[in-house]
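Chemist: Sharing a structure below in structure tokens format, with a few things to ask.
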Amino acid sequence: MSNLVNIFNKDGQLVVTSRQVEKDFGKRHSDVLEKIDKLIKEIQPTEKSVRYFIPGKYKDNKGEMRKEYLLTRDGFSLLVMGFTGAKALEWKLKYIEAFNKMEQKLKEQKQLSPIQELKLHYQVLETHEEKLTEIDNRVENLENNMTIDFGQQKILGDIAKRKAVQALGGKNASAYKNKGIRTKVFSKVWKDFKDYFGINSYRNTPRKDFDKAKEHLENWQVQGKLLREIEECNNQVNIEEVI
């Protein structure tokens, strides 16, 4: 036999099920229901009897709905009044104590001042706000650390290739056909790109910077010594063709 008294709050009223009384007092549930039905007939009208016994149903082990009652404190007292024996007395005392404690808790909850209730609501809202802020921070952190996908990598790769070919003077240009110069230009495109975004591979470009990455590549131009090398290579061939 369990020593736990299973009283619960239903719509602001403390109740215990007829099945729980059956278990705690060692009775058959059918007998408990029969006694409650007799009490209800004596209490009539029905509007008055529900102050003591609230009709209900439960699902048994076979999944079928069965009859039960929820007993209020007064209903419990009426029902167990005739139960006798040492064990019955022990459980009566336990239930009285449990009802007293639960009622005291309900009173304390109901006795909150308007300011206390407002403070309680504020604490709940504050907790929700903190959780939402935490979620927002996690999402933001996730977005900041996400890198571009395969499709976006291909788009950047295509832009870089096109800009490198343009810088070399086109695919028919001597500089493009010069493997050494061509390799330098393609390497330079990506070196400048990685230096600008502070990454070790264009595949690690942050997804949030994808549009900026496209713009950077579109605006890229070869400069300095490498530009002179391309121009000299292309001009040299042009001169030889004229001669």
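Computed from the coordinates by the stated procedures, all read-outs in this text should not be read as laboratory data. Note that the structure is a prediction, hence the values are computed from the model and not measured. Virtual Cβ from ideal backbone geometry, glycine too; neighbours counted across all protein chains shown.
Chemist: Using only the Cα atoms of segment 150-242, what semi-axes does the equivalent ellipsoid have when each is the square root of 5 times a gyration tensor eigenvalue? Give whole Å, largest first. Write out the running numbers ahead of the final one.
Modeler: On the way: eigenvalues 164, 29, 19 Å².
Equivalent-ellipsoid dimensions as semi-axes: 29, 12, 10 Å.
Chemist: At 1.002 mPa s and 20 °C, plugging the Kirkwood radius over alpha-carbon pairs of the chain into Stokes-Einstein gives what diffusion coefficient in µm²/s? Intermediate results must be reported in sequence, preceding the final value.
Modeler: Values: Rh = 26.4 Å.
Calculated translational D: 81 µm²/s.
Chemist: Ok, one more. How do Ile7, Ile199 line up, fewest other C-beta atoms within 10 Å first?
Modeler: Ranked by crowding around the Cβ, least crowded first: Ile199, Ile7.
Chemist: Could I ask something else about it? When the dipole is taken about the Cα centre of the chain, and only Lys, Arg (+1) and Asp, Glu (-1) are charged at their Cβ, what size is it in debye, to the nearest 20? Could you put the intermediate results ahead of the total?
Modeler: Details: 45 positive and 37 negative charges, 157 e Å.
Dipole of the chain, to the nearest 20 debye: 760 debye.
Chemist: Provide Rg over Rh for segment 50-159; use the alpha carbon set for both Rg and the Kirkwood Rh (inverse mean inverse pair distance).
Modeler: Numbers: Rg = 29.0 Å, Rh = 20.9 Å.
Computed over Cα atoms, the ratio is 1.38.
Chemist: Let me ask something else about it. Run the quick spin-label model on Lys191 and Lys208: label points 7 Å from Cα toward the beta carbon, then report their separation in nm to one decimal.
Modeler: Taking the two extended label points, one gets 3.0 nm.
Chemist: How many nm separate the modelled label positions at Ile199 and Met146, each set 7 Å beyond the Cα in the direction of the Cβ?
Modeler: 1.4
Chemist: In debye, nearest 20: dipole of segment 69-179 around its Cα centre with unit charges on the Cβ of K, R (+) and D, E (-)? Let's see the in-between values first.
Modeler: Working: 18 positive and 15 negative charges, 179 e Å.
Using only the charged Cβ atoms, the result is roughly 860 debye.
Chemist: Which of the listed residues, Ile54, Ala160, Asn234, is farthest toward the dipole's positive end in the chain, when Lys, Arg count +1 and Asp, Glu count -1 at the beta-carbon?
Modeler: Ile54
Chemist: Moving to a separate point now. Please find, in a Gaussian network model of the chain (springs between Cα atoms separated by less than 10 Å), the residue of Asn61, Asn204, Asn145 whose mean-square fluctuation is greatest.
Modeler: Asn61
Chemist: Along segment 223-231, what does the Karplus equation 6.51 cos²θ - 1.76 cosθ + 1.60 (θ = phi - 60°) give for ³J(HN,Hα), rounded to whole Hz, x for Gly and Pro?
Modeler: 9, x, 4, 5, 5, 4, 4, 5, 5
Chemist: List the pairs from Lys35/Lys67; Lys188/Lys208; Lys23/Lys94; Lys23/Lys87; Lys23/Lys67 whose alpha-carbon separation is above 18 Å, in the order I gave them. Before the final figure, lay out the partial values.
Modeler: Numbers: Lys35/Lys67 14 Å; Lys188/Lys208 24 Å; Lys23/Lys94 14 Å; Lys23/Lys87 12 Å; Lys23/Lys67 16 Å.
Violating the 18 Å limit, Cα to Cα: Lys188/Lys208.
Chemist: Can you list, largest first and rounded to whole Å, the semi-axes you get for segment 8-110 by taking the square root of 5 times each eigenvalue of its Cα gyration tensor? Could the numbers behind the result be given before it?
Modeler: Numbers: eigenvalues 86, 62, 47 Å².
Those come to 21, 18, 15 Å.
Chemist: A further question follows. Any chance you could give the angle, 0 to 90 degrees and rounded to 10, that helix 86-110 forms with the longest Cα principal axis of the chain?
Modeler: Taking the Cα atoms of the chain, the angle to 86-110 is about 50 degrees.
Chemist: Moving on. For an R0 of 51 angstrom, estimate the FRET efficiency from the Cβ-Cβ distance between Gln223 and His128 and round to the nearest 0.05. Spell out each step's value before the answer.
Modeler: Working: r = 55 Å, r/R0 = 1.08.
Using R0 = 51 Å, I get an efficiency of 0.40.
Chemist: Compute the distance in nm between two label points, each set 7 Å from the Cα along the Cα-to-Cβ direction, one at Asn61 and one at Lys105.
Modeler: With each label point 7 Å from Cα toward Cβ, the separation is 3.0 nm.
Chemist: With the dipole of the chain worked out from charges on the C-beta (+1 for Lys and Arg, -1 for Asp and Glu) around the Cα centre, which of Pro206, His29, Val15 lies farthest toward the positive end?
Modeler: Among Pro206, His29, Val15, the one farthest towards the positive end of the dipole of the chain is His29.
Chemist: Any chance you could run the full-extension gain for Ser30 through Arg138? It's 0.36 nm times the residue separation minus the Cα-Cα distance, nm to one decimal. Can you show the working numbers first?
Modeler: On the way: separation 108, 0.36 × 108 = 38.88 nm, distance 5.64 nm.
Result for the pair: 33.2 nm of gain on full extension.
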